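> Sharing a structure with you now.
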Amino acid sequence: MTLAEDIANAQIPKEEKKAWATVTPEGGEFETGNLAEPLTGDWTAVLRGFGLDPDVFEVADDTVRMSKWQTSKRLENGDRDLQWLYSYKARFRRRTVPILADAELDALRVKVGKWKPATTKIKVSDEIPSTFVVCWADWQLGKSAGGGVDATVKRILQGFAKTVERIIELRKIGRNIEGIAVVNMGDPTEGCDGNYASQLFTVELNLRQQLLLAGDLWCKGIITVSQLSEMLEFISVPCNHGEWMRRNGKQVTGDSDNVGGFLGDMIQRILAGNPLTEHMEWRIPDDEMTVTSVLSGVKVAFAHGHKLTGKPLEWLRGQSIRILREEGREPDLWVTAHFHHLSVIDYGAFTAIQCPSNDGGSKWFEDTTGKWSTAGTLTFLVGKHDIRNWSDMQVL
């Protein structure tokens, strides 16, 4: 055997390398196994081969470990067929969505500040009075899905304009709207980390930016509807994306450390002394997960819904009994959010109304379940004018 043959034999691997990957919510590591051709820096086929979306994952730090060796076999004529083989090993991670620059957020806030609804004369009828309820549910400002923050703000402002149009429309057809209740149904902000694995990598706004933008929109929405009635009420509830001081996905202080209460307190202070809101009643929670009110004679309970466990009817029935004992009144209506879709169920003793969300949706939920819900703002009338205690529901 010649020296060349000895070298060729030494380059034959004892066993073929196998492709493998270790995947975590944030990323992982892969090795390609034996490849007959070298790669040129495009990892799309490698990622897809492991079932990873190259739009979601990327090679980390542009650092790749590469192996290259020759293999050979003896041909019938006694010569050897030499071939180069290649193998690559690298770490990969989730792609990050860039945080909006302060200048971009400032421009968006200026747009919110300049927005004004059209004004129209109001007509009031002699019908049994009712309260117009508008539910701001699951805005999750800062979330990048469905067009991101800019698209979410556009939907919210359209909801404000359509709310004005809807109140005017209902009054024109004879509805006696004596008051307006604006309800934060929870999750006005997305938060930055701790609610799900990829949250830190997908938000477009940090927490300070989220709170500023939510405050601007709450003020704008309240001032907008306050021009349509002197009987005004603002209601807010705690929520899961609004939990502060989270560690390992769990809240470490108390339920009062929540965006639902903080933003309510902040907006009440900001609007103090404003003639348009001087008659507004404020129902801002401390650590209460359920906030109740009597609207045009109807007892209504509001909760975000993230504490709902087991069968919805059993949870709602149990909470109704608790409210009856604590407040001396049992809810006629229950209004919840959190589950991002519209639902109305008449349980007899009460009706449960589930609000749709106004965020950009969830790709993960759509991919895993094949279900999605159309974004929008839920509105309806509450009062004794209807046997169901509510009427004229519409998603704007």
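The numbers here are math on the coordinates, done by the rules we state, and not lab data. Note that the structure is predicted; figures quoted are calculated from it, not measured. Every residue, glycine as well, gets a Cβ built from its backbone with ideal geometry; the counts of neighbours run over all protein chains shown.
> Using r as the Cβ-Cβ distance of Thr44 and Ser67, and R0 as 22 Å, what FRET efficiency do you calculate, to the nearest 0.05? Intermediate results must be reported in sequence, preceding the final value.
Working: r = 21 Å, r/R0 = 0.95.
The formula returns an efficiency of 0.55 here.
> Say we join alpha carbon atoms closer than 10 Å with springs in a Gaussian network model of the chain; which of Ile222, Ile323, Ile156 then has the biggest fluctuation?
Fluctuation is largest for Ile323.
> Could you identify which residue out of Arg94, Arg175, Arg325 has the top mean-square fluctuation in a GNM of the chain using Cα springs shorter than 10 Å?
Arg325
> For Ala349, project a label point 7 Å along Cα to C-beta. Then give me every residue of segment 305-327 with its amide nitrogen under 14 Å of that point.
Once the point is set 7 Å along Cα→Cβ of Ala349, 312-326 turn out to lie under 14 Å by backbone N, inside segment 305-327.
> Output wanted: per-residue J couplings in Hz (rounded whole) for segment 278-292, from phi through Karplus 6.51 cos²θ - 1.76 cosθ + 1.60, θ = phi - 60°, x for Gly and Pro.
Values, residue by residue: 5, 9, 6, 8, 10, 10, 10, x, 8, 10, 6, 7, 10, 10, 10 Hz.
> Please rank Lys299, Lys311, Lys89, fewest neighbouring Cβ atoms within 10 Å first, as an exposure proxy.
Working: Lys299 20, Lys311 9, Lys89 15.
Starting with the residue having the fewest Cβ neighbours, the order is Lys311, Lys89, Lys299.
> Between Thr119 and Ile270, what length in nm is gained on full extension when 0.36 nm per residue of separation is reduced by their alpha carbon distance?
Working: separation 151, 0.36 × 151 = 54.36 nm, distance 2.39 nm.
Contour length minus the Cα-Cα distance gives 52.0 nm.
> Where in the chain are the DSSP H helices whose alpha-carbon span along the long axis reaches 20 Å or more and whose Kyte-Doolittle mean is at least 0.0?
Details: long enough: 148-172 (36 Å, -0.05); 207-226 (28 Å, 0.72); 312-327 (22 Å, -0.68).
TM-like helix candidates: 207-226.
> Assuming R0 = 45 Å, what is the FRET efficiency of Gln394 and Ala103, from their Cβ-Cβ distance, to the nearest 0.05? Each step should come with its number before you reach the end.
Values: r = 37 Å, r/R0 = 0.83.
Calculated transfer efficiency: 0.75.
> Here is a follow-up. Give me the percent relative contact order of the chain, please, defined on Cα pairs under 8 angstrom at least 6 residues apart. Intermediate results must be reported in sequence, preceding the final value.
Working: 777 pairs, mean separation 60.9, N = 396.
The value is 15 percent.
> Please rank Thr131, Thr40, Thr290, fewest neighbouring Cβ atoms within 10 Å first, as an exposure proxy.
Numbers: Thr131 24, Thr40 5, Thr290 20.
Starting with the residue having the fewest Cβ neighbours, the order is Thr40, Thr290, Thr131.
> Using a Cα-Cα cut-off of under 20 Å, which aspartates and glutamates could be cross-linked to Lys68, ignoring same-chain neighbours fewer than 8 residues away?
Cross-link targets: Glu5, Asp6, Glu15, Glu16, Glu29, Glu31, Glu37, Asp42, Asp81.
> Any of Lys116/Lys154; Lys162/Lys299; Lys111/Lys162; Lys154/Lys384; Lys143/Lys250; Lys154/Lys220 with alpha carbons more than 24 Å apart? Name them for me. Could the numbers behind the result be given before it?
Numbers: Lys116/Lys154 13 Å; Lys162/Lys299 26 Å; Lys111/Lys162 18 Å; Lys154/Lys384 35 Å; Lys143/Lys250 20 Å; Lys154/Lys220 13 Å.
Pairs exceeding the cut-off: Lys162/Lys299; Lys154/Lys384.
> Taking the Cα centre of the chain as origin and charging only Cβ (+1 Lys, Arg; -1 Asp, Glu), how large is the dipole, in debye to the nearest 20? Don't skip to the answer; put the middle values down first.
On the way: 46 positive and 54 negative charges, 106 e Å.
Around 500 debye, computed over the chain.
> Of Lys111, Lys154, Lys17, which has the largest mean-square fluctuation in a 10 Å C-alpha GNM of the chain?
Answer for the Gaussian network model of the chain: Lys17.
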